[in-house]
1. Can you name every one of the helices (runs of 4 or more DSSP H) wholly within region 1-92 that holds 3 or more residues which are touching a residue at least 40 places away in the same chain (Cβ under 8 Å) and small (Gly, Ala, Ser)?
2. Among the candidates 23, 44, single out the residue that is within 12 Å of ligand 1 (Cβ to nearest atom) and open to solvent by less than 10 Å² (accessible area, probe 1.4 Å).
3. Does residue 95 satisfy being more than 15 Å from ligand 2 (Cβ to nearest atom) and within 18 Å of residue 43 (Cα to Cα)?
4. Just a yes or no: is a residue in region 638-645 open to solvent by 10 Å² or more (accessible area, probe 1.4 Å), free of Cβ contacts under 8 Å to residues at least 24 places away in the same chain and at positive phi?
5. Can you list the helices (runs of 4 or more DSSP H) found entirely within region 469-581 that contain at least 3 residues being within 29 Å of residue 619 (Cβ to Cβ) and in contact with a Pro (Cβ under 9 Å, 6 or more places away or on another chain)?
6. Can you pull out every residue in region 282-306 that is assigned to a loop (DSSP other than H, G, I, E, B) and either modelled with pLDDT of 85 or more or under 18 Å from residue 318 (Cα atoms) (or both)?
7. Which residues, counting only those in region 103-149, are hydroxyl-bearing (Ser, Thr, Tyr) and within 16 Å of ligand 2 (Cβ to nearest atom)?
8. Residues that are within 16 Å of the chain's Cα centre (by Cα) and not assigned by TED's automatic domain parsing to the domain that holds residue 319: which helices (runs of 4 or more DSSP H) entirely in region 140-259 hold 1 or more of them?
Amino acid sequence: MSAMTQTAKVRILPESLINKIAAGEVVERPASVVKELVENSLDAGADQILVTLKNGGKDLISVLDNGSGMNETDAHHALERHATSKISEEEDLFRIHTLGFRGEALAAISSVSRLELTTCSDESKGAVKLRLNGGVLEHQGKTGFPQGTKISVEQLFFNTPARLKFMKSTATELQHIQQLMQRLAMAAPEVQFRLTHNQQMLLKLPYATDQEERIQQLFGEEVRDGLMKVQHQANQLSFEGWISLPSKTKSSRRLQYLFVNGRHVKCPALNHGIYDGYHGLLAKGKHPAFFIKVKVATEDVDVNVHPAKTEIRFRNSQLVHTILADQLSRQIHETSGKRFFGREVGHSPFPSRPDQTEFSLPDSLPLEESLPKAGLGKIPTGDVRQKDLTGFPKIPVSPAPTVSTKKVSSPQIGSSFQISGSLPSMETTSSPIDGGENPDLDVPEELELFLTLPAKPENFRIIGMLHHRQILMEHAEGLAVADTHNIHKALIESLLAKTVEENSVRLREQEVPLLLEMKAQDALILELHQKLLKQSGFQLDSFGGTTFSISTFPFPLPKEKCENVFKDFISRVSAFGKRAHDAEIRKDLIQCIALHAAFDNGSSLNLRALNLLIAQMEQLELPPLKVEGERLWFMIPQEEIFKRLKD
Ligand SMILES: Nc1ncnc2c1ncn2[C@@H]1O[C@H](COP(=O)(O)OP(=O)(O)OP(=O)(O)O)[C@@H](O)[C@H]1O
Ligand SMILES: [Mg+2]
């Protein structure tokens, strides 16, 4: 059979289909469109960029800039596939100084949306406006428009139903865009950014003189104050930036920003280099925050690894890793040394500047000023409790009590024994414990978690307290030492795990709701998990902008700790992003609540209260060593004590 008579199975695809396939790689979600458009604006030299969104970018993404703009011919070319002004020959691939270079982003985006491009490179010649529907030119004309470019993308994925289905909720898509905007804004402090969503201003960043000022604008003073400056100049690799002081590392990887030649990248070699720089100074589970800009010769790095352009490959990644690790290690140790001698070296203080420069880009949307700058949120708390941390009155210090003789049984060893005589409480720096048997003495309600349980432990007899924190107890086998905070925390965790599951969380109600003002991206995370928060006892309602009112919260959390719970929770969930399962997120939230609801120590607890605490631990059979590696209590066997006394 001749080749001509066979039915052809292999066909050259039409251009429109090729574009859609390519779009699959470049345009994953609304945030990818924002990324490509804003990167184009930065490449065009813009120093003012306004991003406008509707419904998480699903209905509209518009990016307006004051960059170079395009003339009519270039505007048409820009929407063609493989059309770029940024490279022209093969060698250029190894001297890339721009964020874009593949010449495919606009073609890809336009093939899966309704796109309108308005651009002007010379005001005397006017602006050109092009409108495309699914990549097909529908309209072209002239219009009045200042120098710069505006690209509006409506109804993303309207012609690719499979993709459309993959889009997540408005809040999720918006969260991705906000995280992306933070990365872009960190990469270019000298550029003003604004982000509005459904006519609400979410981000308003004036020009920043440097990276430090941009960090402060985006993340607030508290974050900036926990950082130290690092820098290095050499031929193979230069870098500058800000990293956590060793004493201020975080429990999440949220604040980690890495840029190579101006591009935000994910790069394991650099990441490891930074962690290695902290060797010995990073506690388990701790992570540094970092904002580092690396510069390398363009021929030493390949950015053409993936269409999204965030992966890179170094010609010699081992060298890059070593330089970064060695340099950071030296600078971290120098800084730690100076701190030891009492000098403040974390940052050079600079006055926070007022929002001095006006944003001059035109736009039809009213630019609401309702939100404060990110990171400066402070909470009007109304009637904040003025008592000590535990929120209940302190038991006055009284002389060492006499505890009556009691029978302590030990089922494990199948015997019981008598403690004869009276046991004085420990002579320590702490107050002696009070009121063993006195039923009139106060037991804080925060301790009454499992009401059906007995008020006294069966196998332990409390004999004293060590430094307000550890409970010393006599047990048939020896001396048991228990940690007040850890036990209280574990009890609260068990209680919540049960009641959250059953939708029966005991609530604390606020007559005057607590108001909490969040950073925009944090507010989003809370919104995203509103159902879980509700189930866990938090009645959270929007109070305009990114302020929430909280009218109920879970028992036994004190009101003034609500904010800390949210902060911890946000930092945990953003570290794991959407990959975490619902059950894990729920566990995280419960742990955060328990952590802040638990007494910091036992200084205000009398003997009755301590008995109740230990009884609940015993009855619930909480393991001495929890899965997370935290110990609730341990035993020093009596033989061990005898042995020590003989040594
Ligand atoms: N905001 C803008 N201002 C001025 N020119 C622009 C703007 N956006 C795009 N262009 C022009 O359109 C061209 C095509 O843009 P497109 O994003 O499709 O490709 P690219 O940026 O060259 O490469 P990549 O696909 O990697 O982003 C650019 O090379 C640039 O010349
Ligand atoms: Mg581009």
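1. In region 1-92, 15-26, 30-43 are the helices (runs of 4 or more DSSP H) which contain 3 or more residues that are touching a residue at least 40 places away in the same chain (Cβ under 8 Å) and small (Gly, Ala, Ser).
2. Answer to the check: 23.
3. So residue 95 passes the test.
4. no
5. Values: elements: 484-501, 520-528, 530-535, 562-576.
Answer list for region 469-581: 484-501.
6. 282, 286, 288, 289, 296, 297, 303
7. 110, 111, 113, 119, 149
8. On the way: elements: 161-166, 170-187, 211-219, 221-225.
Ranges flagged: 170-187.
The values are calculated or read from the model by the stated rules, or taken from the named source; none is laboratory data. Keep in mind that this is a model prediction, so the values were computed, not measured. Backbone-built Cβ (ideal geometry, glycine too); neighbour counts: all protein chains shown. Just the protein is used for accessible areas: all its heavy atoms, side chains included, with ligands, DNA and RNA removed. Shrake-Rupley method; radii C 1.70, N 1.55, O 1.52, S 1.80 Å.
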